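Every number here is computed from the coordinates shown, using simple stated rules; none is lab data. If you're wondering where the values come from, they're calculated on a predicted model, not measured in any experiment. A quick note on method: Cβ atoms are made from the backbone with ideal geometry, for glycine too, and the neighbour counts reach across all protein chains shown.
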Amino acid sequence: MADSSFDIVSKLDRQEVDNALNQAAKEVANRFDFRNVDAGIKWSGESIEIQANTEERANAVLDVLKDKLVKRGISLKAIDPGEPKLSGKLYKLGVGLKEGISQEDAKKIGKIVRDEGPKGIKAQIQGDELRVSSKKKDDLQQVIAVRMAMDRDVALQLFTSRSPG
């Protein structure tokens, strides 16, 4: 009998991030408290760049972005905001996006799954994902419950449920 498995991954829906960024940009452009402060938000390569004329305004734009991300179902653990830095007359703040599970985090998650899950569970690191497999689907259900109870610094999703053909 073949094993059933699922993957624990950390992926971003780029379209939803883009939608959240566009909504945040519209709100920043239209809000009264952001007028005449050179506030803005845009893509800068693979990250997001926020700018404003004060550190507080840059952080306020970041708060708008966070609100839009949450409303679109994107975990705030998937972003890595920097500190506002003065660049000319404007404060700029870079917001990195985190995807994939680091080897260190994958090892920790795998250990938790094996320690707290039923016997016979296998957890294999495959690149930036963790594949969890077992001969019994019920065991996988228990692992899913363990995964849901985990509080990690990484936005984790369960992905690609597989069962024998």
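If eta is 1.306 mPa s and T is 10 °C, what Stokes-Einstein diffusion coefficient results for the stretch 1-98, Kirkwood Rh from Cα pairs, in µm²/s?
111
Using a Gaussian network for the chain with springs between C-alpha atoms less than 10 Å apart, which of these wobbles most: LEU86, LEU97, LEU76?
Its mean-square fluctuation being the largest, the pick is LEU86.
By how many degrees, 0 to 90 and rounded to 10, does the Cα axis of helix 55-71 deviate from the longest principal axis of the chain?
The two axes meet at around 40 degrees.
Given +1 on the Cβ of Lys and Arg, -1 on the Cβ of Asp and Glu, and no further charges, what dipole in debye does the stretch 14-97 carry about its Cα centre, rounded to the nearest 20?
160
Roughly what would the spin-label model give for ARG14 and LYS26, points 7 Å off Cα along C-beta, in nm?
Here the modelled spin labels are 2.2 nm apart.
For the chain, treating each Cα as an identical point scatterer without solvent, what Debye log10 I(q)/I(0) comes out at q = 0.14, 0.17 1/Å?
Values returned for q = 0.14, 0.17 Å⁻¹ are -0.75, -0.93.
Compare VAL70, VAL28, VAL154 in a GNM of the chain, Cα atoms joined below 10 Å, and give the one with the largest fluctuation.
VAL70
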